[in-house]
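Let me begin by presenting the structure, written as structure tokens, before commenting on it.
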Amino acid sequence: MNFDKIEEYPGSIISIPFNSHKIDALHYHIDTHSNHREHKPVIVRLHGILGNLLDETEHYLPSILADNDFSSVTMNTLLANLGLFFGFGIFDDAIPQIDAVCEYLRNIGYKKIIIAGHGLGGCIALRYCALRNDIDRYPDLSGVIAIATPFSMPDTTRRRWEHFGSQPSYDEVYERARRTFYPDDEKESVHDETIIVKRAHGPTSLPEHTEIYTLKTWWALAGPEAAGAKAYKQIGNVKHTPILLIHASKDEIIEGRESEDLCEIAKRSGNGDVTHVNIDANHSFDGKHEELAKAIITWLSERF
């Protein structure tokens, strides 16, 4: 992979080569000196639903981290923005993209990498670290931070849709999506198509309460057979990597017991460095970005 043409300035928007495409990311680094990259970890930040444009934490955290001597890369994956809308945002296909970003960071000298995510991004972060749980092959994978992360993306989606009375319902979407993968002999098979789900995030049909997928992207992310998006199935396989779980106590999407249960599973599975933090905030940490950043920086500083 050729990184020669990637610019290196604080706050750079970078494009990392990936197959015949590229990965766009914000590289917010505070120092290009080799000593910094040798001893300080870089945080790879993964987005929630729809990418890095809608969540205010995506704008606050990089600069706060930099002020405290930590560099970060905020990346978009296939699940960002149009990926879910047009059928190429398949959950596990994000894993090779994260590999490419980590390869770029290794190439420019970073020796320690932290994978961090918010909501959906937390599910991807735990999935990634579970799949890369080999200390000999990935010795630089130094931590995972899961913020406001559901116990299971499929279960959380079902519960939220049922609460708000989504149109169509979870079961209706499941039946239609199932027929794209397992067509019935007596019924016509269904091709992948874009679906609009109203009342998915709130009690109205307004755009902010609406979700858009294709049947295949929904199946891989929120369907009952989407094992990769079930954080409780992944976190127990993160054996050697320190884990920070941050829960928002006023989260309108994720229940408190979900984060607590993830913490218990990780500890029972033998991970000796699991931290659980509660912050008095909503799911987006509105007005609490400084407190969120302080929790992350405290955890990082204790280890690096």
Given the options Ala130, Ala146, name the one that is of a type outside the set (Phe, Trp, Tyr), at pLDDT 95 or above and buried (at least 24 other Cβ atoms within 10 Å of the Cβ). Ala146
Output the residues belonging to the stretch 102-127 that are farther than 19 Å from Gly48 by Cα and open to solvent by 10 Å² or more (accessible area, probe 1.4 Å). Glu103, Arg106, Asn107, Ile108, Gly109, Lys111, Lys112
Taking the stretch 250-280 and keeping residues modelled with pLDDT of 95 or more, within 20 Å of the chain's Cα centre (by Cα) and small (Gly, Ala, Ser) leaves Ala266
Across the stretch 245-281, what is the total count of residues that are outside any helix (DSSP H, G or I) and under 19 Å from Met153 (Cβ atoms)? 9
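Does the stretch 242-250 contain at least one residue that is without any contact (Cβ under 8 Å) to a residue 60 or more places away in the chain and surrounded by fewer than 17 Cβ atoms within 10 Å (Cβ to Cβ)?
So the first thing to find is which residues in the stretch 242-250 are without any contact (Cβ under 8 Å) to a residue 60 or more places away in the chain, and the list is 249-250.
Subset that is surrounded by fewer than 17 Cβ atoms within 10 Å (Cβ to Cβ): 249-250.
Scanning the stretch 242-250, I find at least one residue that is without any contact (Cβ under 8 Å) to a residue 60 or more places away in the chain and surrounded by fewer than 17 Cβ atoms within 10 Å (Cβ to Cβ), so the answer is yes.
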When you go through (1) at pLDDT below 95; (2) open to solvent by 10 Å² or more (accessible area, probe 1.4 Å); (3) of a type outside the set (Ser, Thr, Tyr) one by one for Lys233, which number turns out not to apply? (1)
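This table checks each residue for (1) closer than 20 Å to Asn68 by Cα; (2) open to solvent by less than 40 Å² (accessible area, probe 1.4 Å); (3) hydrophobic (A, V, I, L, M, F, W, C).
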site	(1), (2), (3)
Leu262	no, yes, yes
Asn278	no, no, no
Asn282	no, no, no
Lys288	yes, no, no
Ala295	yes, yes, yes
Thr298	yes, no, no
Glu302	yes, no, no
Extreme residue, surrounded by the most Cβ atoms within 10 Å (Cβ to Cβ), among residues of the stretch 178-208 that are modelled with pLDDT under 95, farther than 20 Å from Phe91 by Cβ and touching a Phe, Trp or Tyr at 6+ places or on another chain (Cβ under 7 Å): Gly202
So Val238 fits all but one of (1) open to solvent by 10 Å² or more (accessible area, probe 1.4 Å); (2) within 16 Å of the chain's Cα centre (by Cα); what number is the exception? (1)
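Could you say which residue among Asp99, Asp55 is open to solvent by 10 Å² or more (accessible area, probe 1.4 Å), within 18 Å of Ala125 (Cβ to Cβ), at pLDDT 90 or above and acidic (Asp, Glu)? So that I can check it myself, show each step before the final result.
Values: Asp55 fails: at pLDDT 90 or above.
Going through Asp99, Asp55 in turn, the sole match is Asp99.
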In this structure, is His209 over 29 Å from Leu131 (Cβ atoms), in contact (Cβ under 8 Å) with a residue 40 or more places away in the chain and more than 20 Å from the chain's Cα centre (by Cα)? yes
Which of (1) among the charged types (D, E, K, R); (2) surrounded by fewer than 20 Cβ atoms within 10 Å (Cβ to Cβ); (3) modelled with pLDDT of 80 or more is the odd one out, the single condition Arg37 does not satisfy? (2)
From (1) open to solvent by 10 Å² or more (accessible area, probe 1.4 Å); (2) under 18 Å from Leu26 (Cα atoms), pick out the condition that doesn't hold for Phe86. (2)
Residue under question is Phe151, and the condition is that it be surrounded by fewer than 17 Cβ atoms within 10 Å (Cβ to Cβ) and closer than 30 Å to Thr194 by Cβ; does it hold? no
Of all the residues that make up the stretch 80-129, how many are in a loop (DSSP other than H, G, I, E, B) and hydrophobic (A, V, I, L, M, F, W, C)? 4
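The values are calculated or read from the model by the stated rules, or taken from the named source; none is laboratory data. It should be emphasised that the depicted structure is a prediction, and the values quoted were computed from it without experimental measurement. Quick reminder, even Gly has a Cβ in these numbers, built from the backbone with ideal geometry, and neighbours come from all protein chains shown. Remember, those area values only see protein heavy atoms, side chains included, never the ligands or the DNA or RNA. Shrake-Rupley method; radii C 1.70, N 1.55, O 1.52, S 1.80 Å.
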